[in-house]
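The values are calculated or read from the model by the stated rules, or taken from the named source; none is laboratory data. The structure presented is a predicted model; accordingly, all values stated were derived computationally and were not measured. Don't worry about glycine lacking a Cβ; one is built from the backbone with ideal geometry, like all the others, and counts go over all protein chains shown. Keep in mind that these areas ignore ligands, DNA and RNA; they rest on the heavy atoms of the full protein, side chains included. Shrake-Rupley method; radii C 1.70, N 1.55, O 1.52, S 1.80 Å.
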Amino acid sequence: MAPRHQRILHVDGDAFFASCEIALDPALRNRPVYVGGGRRGDGIVIAANYIAKRYGLITGMACFEARRKCPEGVLVRPHYNEYRRLSLEMFSRLKNYTPMLVPTSIDEGFLDFTDSPRVFGCRTAAELTERIRRQIATEVGVPISAGLGSSRWLAKLATEHCKPDGFLEVPADGERTFLAPVPVKKLSGIAERRARALRSLGVRALGDVARLPLEMLRRRFGVFGLELWLLARGELHETLSLANNARTCISSATTLPWDEPDCEAALLFLLDQTERVITTFFRENLKAREMGVFVRFCNFEGVGRSVRFPSAQFEPRVIDPMVEQVFRELVAGQHHPIRQVCIHFCNFESLDLQPDLFGEHPEFKRREMHHALEEIETRYGQRSIKSGTRLLVESQAAHLLGDKAKCPFVPQREMEIKVGQLPEALCENALDPVYEEDWLPLESDESKTGSGPLPLPRTWGRSTSRATK
C-alpha cells in the first residue's frame with residue numbers, strides 16, 4: 001500500500017489591511033480603498049484592495065502618486081489594533097477545523113487538512129474549504145483565498161493562482177503539470193541572487209528544474225536544491241510542525257510625530273520606548289547581552305551603535321544609563337532635527353528563576369513584581385502605574401507621546417505563540433478592544449499664516465472611539 005501523505009491547506013487574507021478597514025466601515029465596500037499615509041498623509045501605501053489595484057496602486061507607492069492614479073480612491077488611516085483583533089478572530093475559526101495550525105503572519109497560515117473533510121462530513125476538500133471561507137467572510141468580514149497541496153510551497157502557489165477570494169486544489173497526479181510553467185521567482189526563498197544562479201543553469205520555470213539532474217542541484221544548492229527538484233517533479237511531501245524558534249531580537253523603531261529639534265526631548269521618548277521593550281523581557285523570561293541604538297534625522301541620514309553588556313541585563317536601572325550614553329554620542333555635533341529613534345536588543349539568555357539556599361532568586365522576584373504591575377494595569381487601566389521616566393517624558397515631551405499601535409508585521413514565531421494562546425488572547429481582545437486615539441493632521445508651515453491644515457480625505461480622521469463603534 002502506498003504511503004498516505006499529508007495534505008496541506010494554505011489560507012491567506014485578501015488585501016488584509018484594506019479588507020479589515022472595509023469590515024470596520026461597510027460604507028467603503030465596492031470602492032477603491034488604500035491604507036497608509038504616514039505622519040501627515042504624505043507617506044506610502046501599505047495595502048490596497050483589489051479595486052484600487054486595478055488603477056495601478058501597489059504597496060510602497062507614495063500616497064500622492066496613489067491619489068494621482070486613482071482620484072476617487074479612499075485613503076484610510078491604519079488601525080493596527082483592529083487588524084490584530086480580526087486576525088485572532090480569523091485564526092480562532094481556522095483552528096476548529098484542523099489538528100495542526102501553523103500561522104506564518106498576521107493573515108496567513110497552513111493547516112493540516114489530511115483528515116479534516118472526512119471528520120466534518122464533507123465529500124471533498126473543496127466543500128469544507130468553501131464552508132470555512134464563507135464562515136470567515138460572514139463572521140469576521142474578511143475574504144480569504146486558499147490553496148491545497150502536498151507541501152507548503154505547492155499550497156502557497158495554488159493560493160496565489162486563485163486570488164482573490166478563490167480556492168484551488170492541486171491533485172497528487174497533477175502537481176508536475178501545474179508547476180511546469182510556474183517561474184521559480186514566485187517561490188518564497190528565491191531572491192535575485194539565487195534566481196540568477198538558477199538562470200545560469202538555464203532554469204526559469206519549475207519545468208526546467210524537473211529536467212535537471214538531481215546531483216547537479218544538490219551539489220550547487222545543498223538541501224534547498226533537493227527540495228526544489230522534488231517540488232518541480234511533484235514528489236515533495238511535507239509534515240506540518242510548529243517551529244517555535246527562540247527569540248533572536250526585540251526592537252522598537254518609532255517615527256516621531258514630527259521632526260524633533262530638541263535632543264533631550266527625543267532622549268526622553270527613546271527611554272520610554274526602551275521601557276516598553278523591556279516589558280517583553282519579563283513576559284518571555286529573557287535578558288539581553290547586546291543592545292543597539294539608532295537615530296535617523298530629518299534628512300533621512302542615520303547613525304547607530306551597538307554595545308555589549310558585561311553580563312546579560314534586564315533591568316531599566318542598568319540599561320537606561322547605557323541608552324542615554326550611546327544616544328548622546330550619536331547626536332553629538334548633529335544639527336538636524338530627529339525623525340526616528342530605534343532601540344534593539346539581541347543575544348538573549350533565560351532569566352534565572354531557580355531558587356537558591358536563601359530563597360527565591362532576585363530575577364524571579366523582579367519578574368513576579370512586573371507581573372503584579374501588569375495585573376494592576378489590567379484592573380485599573382493602562383498607565384495607572386507610571387515610572388519616573390514616564391512622568392518626566394509626560395511633563396517635558398508630552399507632544400511626542402501617543403502610544404500608537406505598532407504595525408503588526410510579526411514573525412512566524414510570535415504568531416504561533418498568539419494562536420497557541422487562543423481563546424485566551426481572543427477573549428482579551430474581543431471583550432475589551434483597545435482603539436487607537438483619534439488622529440489629527442499636523443499643521444503645515446503655511447497653516448501658521450492662515451491657509452489651514454494639510455488637506456486629507458474625510459475618512460482619514462474618522463473616529464474609532466467605542467461610542468461610534
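For the condition open to solvent by 80 Å² or more (accessible area, probe 1.4 Å), at pLDDT below 90, more than 19 Å from Tyr50 (Cα to Cα) and charged (D, E, K, R), what is the one hit in Arg193, Arg176?
Only one candidate qualifies: Arg193.
Scanning the stretch 219-250 for residues that are closer than 20 Å to Ala195 by Cβ and either open to solvent by 80 Å² or more (accessible area, probe 1.4 Å) or in contact with a strand residue (DSSP E or B) (Cβ under 7 Å, 6 or more places away or on another chain) (or both) returns Arg219, Arg220, Val223. The lone criterion from (1) more than 18 Å from the chain's Cα centre (by Cα); (2) at positive phi left unmet by Arg68 is number (2). Put simply, of Leu157, Leu179 the only residue that is among the aliphatic types (A, V, I, L, M), in contact with a helix residue (DSSP H, G or I) (Cβ under 8 Å, 6 or more places away or on another chain), within 22 Å of Ala232 (Cα to Cα) and touching a residue at least 40 places away in the same chain (Cβ under 8 Å) is Leu179. Among residues that are of a type in the set (Val, Ile, Thr), outside any loop (DSSP other than H, G, I, E, B) and open to solvent by 40 Å² or more (accessible area, probe 1.4 Å), Ile22 is not included.
The residues listed here are Arg317, Arg379, Arg328; of these, the one that is modelled with pLDDT of 90 or more, open to solvent by 60 Å² or more (accessible area, probe 1.4 Å) and assigned to a helix (DSSP H, G or I) is Arg328. Annotation: Val76 fulfils all but one of (1) in contact with a Gly (Cβ under 7 Å, 6 or more places away or on another chain); (2) farther than 25 Å from Glu160 by Cβ; (3) β-branched (Val, Ile, Thr); the unmet one is (1).
The residues in the stretch 331-346 that are under 13 Å from Gly302 (Cβ atoms) and part of a strand (DSSP E or B) can be counted, and the count is 5.
Inside the stretch 278-293, can you point out the residues that are open to solvent by 10 Å² or more (accessible area, probe 1.4 Å) and in a helix (DSSP H, G or I)?
Correct list: Thr279, Thr280, Arg283, Glu284.
Of the candidates Leu240, Leu228, the single residue that is under 30 Å from the mean Cα position of the chain (by Cα), farther than 30 Å from Gln340 by Cα and at pLDDT 90 or above is Leu228. When Arg219 is tested against (1) without any contact (Cβ under 8 Å) to a residue 60 or more places away in the chain; (2) in contact with a Cys (Cβ under 7 Å, 6 or more places away or on another chain), exactly one condition is not met: (2).
Considered as a group, the residues in the stretch 127-144 that are hydrophobic (A, V, I, L, M, F, W, C) and in a helix (DSSP H, G or I) include one that is nearest to Met90 (Cα to Cα), and that residue is Ile136.
Results for (1) in contact with a Phe, Trp or Tyr (Cβ under 8 Å, 6 or more places away or on another chain); (2) surrounded by fewer than 19 Cβ atoms within 10 Å (Cβ to Cβ), shown as yes or no for each residue.
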| residue | (1), (2) |
| --- | --- |
| Met90 | no, no |
| Arg93 | no, yes |
| Tyr97 | yes, no |
| Pro103 | yes, no |
| Asp107 | yes, no |
| Leu111 | yes, no |
| Arg118 | no, yes |
| Cys122 | no, yes |
| Leu128 | yes, no |
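Kindly provide the set of residues from the stretch 253-271 that are at pLDDT 85 or above and touching a helix residue (DSSP H, G or I) at 6+ places or on another chain (Cβ under 7 Å), ordered by number. Answer for the stretch 253-271, where residues must be at pLDDT 85 or above and touching a helix residue (DSSP H, G or I) at 6+ places or on another chain (Cβ under 7 Å): Leu256, Glu260, Cys263, Ala265, Leu267, Leu268, Phe269, Leu270, Leu271.
Matching residues to (1) within 29 Å of Ile385 (Cβ to Cβ); (2) not charged (D, E, K, R):
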{"position": "Leu240", "(1), (2)": "no, yes"}
{"position": "Cys249", "(1), (2)": "yes, yes"}
{"position": "Asp262", "(1), (2)": "yes, no"}
{"position": "Asp272", "(1), (2)": "yes, no"}
{"position": "Val277", "(1), (2)": "yes, yes"}
{"position": "Lys287", "(1), (2)": "yes, no"}
{"position": "Arg296", "(1), (2)": "no, no"}
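Does the stretch 41-59 include one or more residues that are of a type in the set (A, V, I, L, M), part of a helix (DSSP H, G or I) and in contact (Cβ under 8 Å) with a residue 24 or more places away in the chain? Among the residues of the stretch 41-59, at least one is of a type in the set (A, V, I, L, M), part of a helix (DSSP H, G or I) and in contact (Cβ under 8 Å) with a residue 24 or more places away in the chain, which makes the answer yes. From Arg296, Arg308, which residue is in a strand (DSSP E or B) and more than 25 Å from the chain's Cα centre (by Cα)? Exactly one of Arg296, Arg308 is in a strand (DSSP E or B) and more than 25 Å from the chain's Cα centre (by Cα), namely Arg308. Among the residues making up the stretch 151-165, a single one is of a type in the set (Ser, Thr, Tyr) and either outside any loop (DSSP other than H, G, I, E, B) or closer than 13 Å to Phe178 by Cα (or both): Thr159. Here Lys186 passes the criteria (1) charged (D, E, K, R); (2) modelled with pLDDT of 90 or more; (3) open to solvent by 90 Å² or more (accessible area, probe 1.4 Å) except the one numbered (2). With the condition kept exactly as written, say whether any residue in the stretch 68-80 is in a helix (DSSP H, G or I), surrounded by 17 or more Cβ atoms within 10 Å (Cβ to Cβ) and not β-branched (Val, Ile, Thr). Among the residues of the stretch 68-80, at least one is in a helix (DSSP H, G or I), surrounded by 17 or more Cβ atoms within 10 Å (Cβ to Cβ) and not β-branched (Val, Ile, Thr), which makes the answer yes. Ala155 satisfies every condition listed in (1) out of contact with any His (no Cβ under 8 Å at 6 or more places or on another chain); (2) buried (at least 19 other Cβ atoms within 10 Å of the Cβ); (3) among the aliphatic types (A, V, I, L, M) except (1).
Of all residues in the stretch 47-63, which are open to solvent by less than 40 Å² (accessible area, probe 1.4 Å) and of a type outside the set (S, T, N, Q)? Hits for the stretch 47-63 are Ala47, Ala48, Ala52, Gly56, Leu57, Met61, Ala62, Cys63.
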